[in-house]
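The values are calculated or read from the model by the stated rules, or taken from the named source; none is laboratory data. Model, not experiment: these values are computed from the prediction. Here the Cβ is made from the backbone with ideal geometry for all residues, glycine too, and neighbour counts use every protein chain on show. When the accessible area is computed, the model is the full protein with side chains, heavy atoms only, and any ligands, DNA or RNA have been set aside. Shrake-Rupley method; radii C 1.70, N 1.55, O 1.52, S 1.80 Å.
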Amino acid sequence: MSIRNVDQSGLLMVNSKLDPNSNKNDLLALYRYMLLIRRFEEKSAEMYALAKIAGFLHLYIGQEAVAVGCIHAIRPDDYVIASYRDHGHCLAKGSDPKKVMAELFGKATGLCKGKGGSMHLIDVERHFMGGYAIVGGHLPLAVGLAFASRYRKEDRVVLCFFGDGAVPSGHTHEAFNLAALWKLPVIFICENNRYGMGTPVEREMLLYKDIAERARAHGIESEQVDGMDVLAVKELTARVVKKMRKDPQPFFIEASTYRFMGHSMSDPAHGHYRTKEEVGEARKQDPLIFLKTRILQDGLANEADFKQMDKEVIQTVTESVKFADESPFPDPGALHEDVLVE
Amino acid sequence: MLISYREALNQAMREEMQRDSRVFLIGEEVGYYQGAFKVSKGFVEEFGVERVLDTPITEAGFTGLAVGAAMAGLRPIVELMTFNFGILALDQIVNNAAKVRYMSGGQLSAPMVIRGPGSAAHQLAAQHSQSLEAWFCHVPGLKVIAPATPSDAKGLLKSAIRDENPVIFIEAQLLYGTKGEVPDHDYSLPIGKAAVTRTGSDVTIVAYSKMALLALEAAEALSKEGINAEVIDLRTLKPLDTDTLLESVKKTGRVVIVEEGWEFCGLGAQIAETIYSKGFDLLDGPIVRVAGEEVPMPYTRPLEDLAIPDAARVISAVKKNL
């Protein structure tokens, strides 16, 4: 079940040289975003343990390369929409970590004034159209966003993230069908982390080895990508987006990835549905280590640079917690606000 | 001008699509077929297939698409071939359209109209004859409208299209062919305002949609027996026009509520509760409810007739109340 081969010493096999056209700053930016998501979520888990954060908290740790790789291949005005495991996508789209943390704390200063929480981060200013908590239910919304782009004759594209668990859903297939039929510019990104909650992918669907086949059945072109390799993810997305802006067509990406944490904080470790050994093996495929190794190999940065970066990111996260903690809860009057546009 | 309910809806949508390029119509058979009930007659010719979109038979998919488009700034009108099929789109309506504004702390909203025929026609049996308006009224974040006449249908549909919120607009299937006077000029009617369609002093009959016409019929018959009923056509079910209800009860002291939907947890329960809690002292006796029978709609005509309220039942309810 391993995603990628690991050599005998347990280190990642990093064979490919970096693209010579890659800009050093771009690579470091990709790493920094992945690191921000990682540190932010590690801190969220701590805050959950301290009961500063409640409700459902679905961590993205292990999957960072997918959100960061895809979102760094689009323009700021392109739409992104995600499922309930949405912290990574929101941060990758550029949302202020302070406001995101405040939202998790349920504070009035949060992205959604504390009314959305972990599963419903929404940042319209950054065209992050939200996290949605009904499995598969946001795929038709993504198609609608793409429809609006075409209706207004814009060249905006939509990235729609979901897990393997959403693939068998009816919403998903209705969305695929409409997007294909009407040639709408949406990239469906299936983050195959191999578990729909606690159910392994082979118990979710018969055709699980090539999930993209589902999209191809609707006439949607697709590719599989190593979802632990942020550069491969970015390269593929950039290639697809470039074509899509001129010639709108939906596309399906299956990114093989793995979540290192449980489905939610209710099964924070490996859970009873997978072994410690399996999680341990997967952790050797860490997308952060993968990119770091590449950067080090090519001499674009050294250990001291990474240490410095980590220090800065931890500082950012610490400040976000301070901001969230010191922010007020919403006033009681906010209860009835924002139900309807008056 | 004397036109049908169907033509009134057609005019409302046409005028709004002419006025606002963000408005588009989407649904099964709305384009080339001109709507299963011919409400969108002539639309493809006038607005083209980019704005009049025939969909596959996938209510969740195309309703969800419309919600996404509304979130991105367009103004979709979703035609459900019947509200019975709206059940398939319920997740999109309830979880996304109705909630996105609240969940986003006011950043987003889904300004759209979801419209189509509801309630029973003749012998369509259990899966095509349901009055589900109470389901939608139950959900915060939705407005619900159910007009009874062509002029109300036109004026309220125009307001619904212009509204910044998701609006459920239920047309009674049997009303499409009914005719009424509709003003020639551009007009809209306020959402949330009931109409007193007949004034009276002995009893208030509260109804909406097809049942509002039935209530009038019953009131006319009662007048021949010297009973003077006031009839309120709610027109908008949510928000409910409590003021008009209480004004009437102040005058009559007695209330009969008529709905085609099932009685248990039906809209009538809500209306009665509203009157009891806000106007108990105005009442001279208990409120009486007339509602659809607690059964899936039977196909056979004699049983179907028994399942749906008729004038005789309204009349006897009024007499029981007096």
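Out of A:A269, A:A180, A:A212, one residue alone is buried (at least 18 other Cβ atoms within 10 Å of the Cβ) and modelled with pLDDT under 95. It is A:A212.
Right, B:A70: touching a residue at least 60 places away in the same chain (Cβ under 8 Å) and facing another protein chain (nearest Cβ under 9 Å) or not?
Yes, satisfied.
For segment A:297-310, the condition of being away from every other protein chain (no Cβ under 14 Å), open to solvent by 90 Å² or more (accessible area, probe 1.4 Å) and touching a residue at least 40 places away in the same chain (Cβ under 8 Å) holds for at least one residue. A:F105 fulfils the conditions (1) free of Cβ contacts under 8 Å to residues at least 60 places away in the same chain; (2) open to solvent by 10 Å² or more (accessible area, probe 1.4 Å) except for a single criterion, (1). Pairs linking a residue in segment B:89-104 that is within 7 Å of chain A (Cβ to nearest Cβ) to a residue that is hydroxyl-bearing (S, T, Y), with Cβ atoms under 6 Å and 6 or more positions apart or on different chains, are B:Q92/B:T63; B:R101/B:S109. Per this entry, B:F85 is not counted among residues that are of a type in the set (F, W, Y) and open to solvent by less than 10 Å² (accessible area, probe 1.4 Å). Selection of segment A:172-220 for residues being within 23 Å of the chain's Cα centre (by Cα), farther than 28 Å from A:A238 by Cβ and not in a loop (DSSP other than H, G, I, E, B) yields A:E174, A:Y195, A:G196, A:T199, A:P200, A:E202, A:E204.
Taken residue by residue, segment A:110-128 has no member that is out of contact with any Phe, Trp or Tyr (no Cβ under 9 Å at 6 or more places or on another chain), away from chain B (no Cβ under 14 Å) and open to solvent by 20 Å² or more (accessible area, probe 1.4 Å).
Considering only segment B:301-318, state which residues are under 15 Å from B:I205 (Cα atoms) and either open to solvent by 90 Å² or more (accessible area, probe 1.4 Å) or not in a helix (DSSP H, G or I) (or both).
Residues satisfying the conditions are B:P309, B:D310.
When we screen B:E28, B:E7 for residues that are more than 8 Å from chain A (Cβ to nearest Cβ) and more than 19 Å from B:A160 (Cα to Cα), the only hit is B:E28.
Among the residues of segment B:268-300, those identified as touching a Ser or Thr at 6+ places or on another chain (Cβ under 8 Å) and open to solvent by less than 30 Å² (accessible area, probe 1.4 Å) are B:T274, B:G292, B:M297. In segment A:311-342, which residue that is of a type in the set (A, V, I, L, M, F, W, C) and open to solvent by 50 Å² or more (accessible area, probe 1.4 Å) is nearest to the chain's Cα centre (by Cα)? Across segment A:311-342, the extreme among qualifying residues is A:I314.
Within segment A:160-171, being of a type outside the set (A, V, I, L, M) and either in a strand (DSSP E or B) or open to solvent by less than 40 Å² (accessible area, probe 1.4 Å) (or both) holds for A:C160, A:F161, A:F162, A:G163, A:D164, A:G165, A:S169, A:H171.
Those residues that are without any contact (Cβ under 8 Å) to a residue 60 or more places away in the chain and within 9 Å of chain B (Cβ to nearest Cβ), I need them from segment A:144-166; list them, please. Passing the criteria: A:G144, A:F147, A:A148, A:Y151, A:R152. Filter segment A:243-259 for residues that are open to solvent by less than 30 Å² (accessible area, probe 1.4 Å) and either touching an Asp or Glu at 6+ places or on another chain (Cβ under 8 Å) or under 25 Å from A:L184 (Cβ atoms) (or both) and give the result. A:M244, A:P250, A:F251, A:F252, A:I253, A:E254, A:A255, A:T257, listed by residue number.
Take the conditions touching a residue at least 60 places away in the same chain (Cβ under 8 Å), within 12 Å of the chain's Cα centre (by Cα), surrounded by 19 or more Cβ atoms within 10 Å (Cβ to Cβ) and within 14 Å of another protein chain (Cβ to nearest Cβ) and apply them to B:I191. Does it pass? It is false that B:I191 is touching a residue at least 60 places away in the same chain (Cβ under 8 Å), within 12 Å of the chain's Cα centre (by Cα), surrounded by 19 or more Cβ atoms within 10 Å (Cβ to Cβ) and within 14 Å of another protein chain (Cβ to nearest Cβ). Of note, A:S83 satisfies the criterion of being among the polar types (S, T, N, Q) and either at pLDDT below 95 or touching a Phe, Trp or Tyr at 6+ places or on another chain (Cβ under 7 Å) (or both). Among the strands (runs of 3 or more DSSP E) confined to segment B:34-150, the ones with at least 1 residues that are more than 15 Å from the chain's Cα centre (by Cα) are located at B:52-54, B:75-79, B:112-118. Among residues of segment B:247-260 that are without any contact (Cβ under 8 Å) to a residue 40 or more places away in the chain, none has a Cβ under 9 angstrom from a residue that is of a type in the set (F, W, Y) and buried (at least 21 other Cβ atoms within 10 Å of the Cβ) at a sequence gap of 6+ or on a separate chain.
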